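The values are calculated or read from the model by the stated rules, or taken from the named source; none is laboratory data. Every value quoted in this text rests on a predicted model; they were computed, and no experiment measured them. Here Cβ is always computed from backbone atoms with ideal geometry, including for glycine, and neighbour counts include all displayed protein chains.
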Amino acid sequence: MNKKTILLSFPLFSLALTSCGQVINWNEHLDDYVFAMQYHADFNILQLTDIHWNVNSSTTRSKQYLDKVFKEADAHCPGGIDLVELTGDQFMLANTYHVKTFVEYMETKAVEYGFKYAIIWGNHDRHGLYSPNWLANQYRNASHCIYIEPEDNLYGRSNFVINLTPDGTTATTPVWQLFNLDSGASFSESPLAIGRNYDYIRDDQVNWYVAEHSPGVPTIAYYHIPQQDNLVAWNLIHEGGASFKHNFFKLEGFGDADKPEYKSKFIKTAKENGLKGAFMGHAHNVDWTVDYDGVVIGLGVKTGTELYFAHIDPADPKEELQEGLAKVNASLPVGEKIEEKFDLIGASLVTITDPEHFTLEHLYLNEREGANDFVRWVEF
Amino acid sequence: MKRFFAKENFIPSTLDKKQRIQSLVTSLVMIVLFVFSSFTFFNMLYSFADILGSIVSGSPDVAIKDLLRALPLYLSFFMSLWALFLVHAFRKGKDDEYRLKSIFRKGIAVLSISGFNFLYILIMRFVGKYTSLVEGSPSSLYPLDALLYSVLFICIGLCAILYIKRFKEKLPYTVPVRPVACAEKKPVRFFYCFGVSFWTLIALFGLTGAGLTIFVYDFKHEYAFFGIAVIFIYLLSPIMLAFWEFYFNELKEEKKKEFLLPVSIASMVVSAIFITLYFVALKTNMDAPSNAGFGMFPITFTATANYGTLVVVFTPAIVSIVAFIRAIIAKIKEQ
């Protein structure tokens, strides 16, 4: 190759690496972000979060655990599971083998239990040996997976809304709306910064929510990274003496974008536009949930034993652990109070009971020797 | 420019045909083993990043469980790396006696690590820690692939030891190349070896990192510039390592002295260009590393650690600066 060829090939190579699709304006294509499912009373949404398959995982063992979660949740819901919300970090440091195995597994379970599953990006789903676009295509091509990612100018890879309508089509007014938002990953404040900030729900995503919202319709939002509102509510209760209803455990920080300039307007704006619940993941040692002035905000229970999770020991005198345990035990019937050690892993279940209300339960499921698995359903 | 690449500057110009072929063959084997080491190192870092994540998040029990399961990944890297050292020992050494000992020691190391890995996988399967020999994750054939990889390196280690036994008096192949470190005193040699080892690790990381970036990075829209800058910055370390190994270290002693200063200046300029390119690209899109190329930064396992990235970016510049300082000191000593 002569010098000229080399010089010419560089920009061509660069161009070849970039995709050249048409970027749409999200506010001109609002219909492109909508998926519809048929509404019925007692619509069950199982939230699995932070599954974290990685190069060290045994997919075989992890699937055995997920099998138990699905079986338990299905038995618990009289009408079965309607929708599974995977609220991010399905993978971290994984490769194409893990992704293919996981999607195949979810498809098998979707057929077995008759549900659809919706995907939300976590910060670590991008953290693997595959292109994020390739991962998106795996979801797009899975027949029971709900995943919408237009090539748009809206922040985040995938933001979409599931309308629960009387006839299961987008043509009718929804009874409930389920918003799925990409709360991003992280960013540097400067090129030489040693630290990185967790991302947050950006203003254009908030505007998109408002534009997609059907007036008067209640909504639930699912995303991965908690916004600063969780901490605000915690502090209002523990320092300000507020009396918001709350339950479950907070055994580490929320892992939010904690600087004031990165406070998202999402919860505040969405609350004025029908938001009744917001559920996320990210911090594995936290499933603390609060009714923050009319919006139930909470982290789901971490699913599975990958990466890290909290070990709850009733004998541990830590104040936050004892507070969580007392709250949980207060929600349990007499014969089911927790007095033994257990791990904070399992799933969360939202049941939309009618056009105005929903209930929330957390499932703690630990595998134990023999047939004696630890199982508790705790109502919020 | 031509004077830097004149044939007579290099040691191979003093060798006979057979020795030149042997030199070429060992160079090629080193390149193959470097690629193997690079790939397994990247795999190991992926596993290590997750284990580190478990430790810093207060779940050491998960870290131990994961480490026990993933140990063959780590050992696969170490056996590849020691095999690379082994072939390097064939190529270079201050004299035959040193090389004989060095080859024997490294052959034993390769044999021991791969033998241990082989037994470890079988034992883990036997006690039920692996549910089958093709349990899956990180590949569909794991741990069988790691077992077969061990067999390959058991053979390499055995061959090296048998070779030494056969030619214990005198190696049939001799290239009078002295690694730079051999000329130095003990404390300098220690720092030199530490520095070169660290640089080698960065180069191993960079090679697979650059290759994977092409497939793993999301090159769409505003992220493209940063992706291209990452490929260049990742390639910088392995290319520079190859340059110093196959160009500079092959020079005759007098040419090394003559060329060190201009080569180190050129190396600094190239490093500065690519580092600048990297930071300009990052400045244009600060979320690109985590949104489009997070997979290329395995150690940046949380959103709050950028250290690994900065080490990779700055290492080529540090290597160039050290070479430059050495050249200046040598010039002062000469005067």
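Being more than 22 Å from A:M37 (Cβ to Cβ) and at pLDDT 95 or above narrows it down to one of A:N235, A:N180, A:N153, so name that one. None of the others qualify; the one that does is A:N235.
Residue count for the range B:54-83 under the criterion of being touching a Leu at 6+ places or on another chain (Cβ under 6 Å) and either surrounded by fewer than 23 Cβ atoms within 10 Å (Cβ to Cβ) or under 25 Å from B:T131 (Cα atoms) (or both): the result is 1. A:R196 meets each of the listed conditions (1) in contact with a helix residue (DSSP H, G or I) (Cβ under 9 Å, 6 or more places away or on another chain); (2) modelled with pLDDT of 95 or more apart from (2).
Pairs meeting the criteria (first residue in the range B:125-141 and within 9 Å of chain A (Cβ to nearest Cβ) and surrounded by fewer than 16 Cβ atoms within 10 Å (Cβ to Cβ), second residue part of a loop (DSSP other than H, G, I, E, B) and not β-branched (V, I, T), beta carbons under 9 Å, at least 6 apart or on different chains) are B:T131/A:S58. Candidates B:V134, B:V151, B:V110: the one that is outside any helix (DSSP H, G or I) and of a type in the set (A, V, I, L, M) is B:V134. Inside the range B:112-162, residues that are among the β-branched types (V, I, T), in contact with a Lys or Arg (Cβ under 9 Å, 6 or more places away or on another chain) and at pLDDT below 95 make up a count of 1. If you go through the range A:73-99 and keep only what is over 20 Å from the mean Cα position of the chain (by Cα) and part of a helix (DSSP H, G or I), you end up with A:A75, A:H76, A:T96, A:Y97.
Restricting attention to the range A:158-189 and to residues that are in a loop (DSSP other than H, G, I, E, B) and within 8 Å of another protein chain (Cβ to nearest Cβ), the residue that is surrounded by the fewest Cβ atoms within 10 Å (Cβ to Cβ) turns out to be A:E189. Of all positions in the range B:187-194, none carries a residue that is modelled with pLDDT of 90 or more and either closer than 18 Å to B:F34 by Cα or surrounded by fewer than 17 Cβ atoms within 10 Å (Cβ to Cβ) (or both). Here is the figure for the range A:74-127: residues that are surrounded by fewer than 20 Cβ atoms within 10 Å (Cβ to Cβ), within 14 Å of chain B (Cβ to nearest Cβ) and of a type in the set (G, A, S) total 0. Restricting the range A:128-148 to residues that are modelled with pLDDT of 95 or more and not in a helix (DSSP H, G or I), the residue that is surrounded by the fewest Cβ atoms within 10 Å (Cβ to Cβ) is A:S143.
Name the residues in the range B:55-92 that are within 11 Å of another protein chain (Cβ to nearest Cβ) and outside any helix (DSSP H, G or I), would you? Passing the criteria: B:S57, B:G58, B:S59. The condition (being modelled with pLDDT of 95 or more, of a type in the set (V, I, T) and touching a helix residue (DSSP H, G or I) at 6+ places or on another chain (Cβ under 7 Å)) is satisfied by just one residue among A:T351, A:T303: A:T303. The set of residues from the range A:190-214 being within 12 Å of chain B (Cβ to nearest Cβ), in contact (Cβ under 8 Å) with a residue 24 or more places away in the chain and in a loop (DSSP other than H, G, I, E, B) comprises A:D199, A:Y200, A:R202.
Give the number of residues within the range A:98-146 that are touching a helix residue (DSSP H, G or I) at 6+ places or on another chain (Cβ under 8 Å), free of Cβ contacts under 8 Å to residues at least 60 places away in the same chain and either closer than 18 Å to A:I45 by Cβ or hydroxyl-bearing (S, T, Y) (or both). Final tally of qualifying residues: 12.
Contact list please: Cβ distance under 7 Å, first residue in the range B:208-230 and more than 8 Å from chain A (Cβ to nearest Cβ), second residue part of a loop (DSSP other than H, G, I, E, B) and at pLDDT 90 or above, pairs at least six apart or on different chains. Partner pairs satisfying both residue conditions: none exist. Screening B:M286 on (1) crowded, with 22+ Cβ neighbours inside 10 Å; (2) assigned to a loop (DSSP other than H, G, I, E, B); (3) not basic (K, R) shows it passes everything except condition (1). So which residues in the range B:254-279 are surrounded by fewer than 16 Cβ atoms within 10 Å (Cβ to Cβ), closer than 19 Å to B:F10 by Cβ and in contact (Cβ under 8 Å) with a residue 12 or more places away in the chain? Scanning the range B:254-279 gives B:K257, B:P262. Checking the structure you have, find out if any residue of the range A:33-48 is within 14 Å of chain B (Cβ to nearest Cβ), modelled with pLDDT of 60 or more, in contact with a Phe, Trp or Tyr (Cβ under 6 Å, 6 or more places away or on another chain) and within 22 Å of A:L135 (Cα to Cα). No - not one qualifying residue is present in the range A:33-48. For the range A:341-369, the candidate set comprises residues that are outside any loop (DSSP other than H, G, I, E, B) and among the acidic types (D, E); within that set, the residue that is nearest to A:D82 (Cα to Cα) is A:E361. Restrict the check to the range B:249-271 and report whether at least one residue is within 14 Å of chain A (Cβ to nearest Cβ) and either under 21 Å from the mean Cα position of the chain (by Cα) or not in a helix (DSSP H, G or I) (or both). Checking the range B:249-271: not a single residue is within 14 Å of chain A (Cβ to nearest Cβ) and either under 21 Å from the mean Cα position of the chain (by Cα) or not in a helix (DSSP H, G or I) (or both).
When the test is whether a residue is touching a strand residue (DSSP E or B) at 6+ places or on another chain (Cβ under 6 Å), within 14 Å of chain B (Cβ to nearest Cβ) and of a type in the set (D, E, K, R), A:D152 passes it.
Checked against the criteria, B:S47 does not count as touching a helix residue (DSSP H, G or I) at 6+ places or on another chain (Cβ under 8 Å), more than 18 Å from A:W53 (Cβ to Cβ) and buried (at least 23 other Cβ atoms within 10 Å of the Cβ).
For the range A:215-230, filtered to residues that are in contact with a Ser or Thr (Cβ under 8 Å, 6 or more places away or on another chain) and assigned to a loop (DSSP other than H, G, I, E, B), the residue that is farthest from the other protein chains (Cβ to nearest Cβ) is A:V217.
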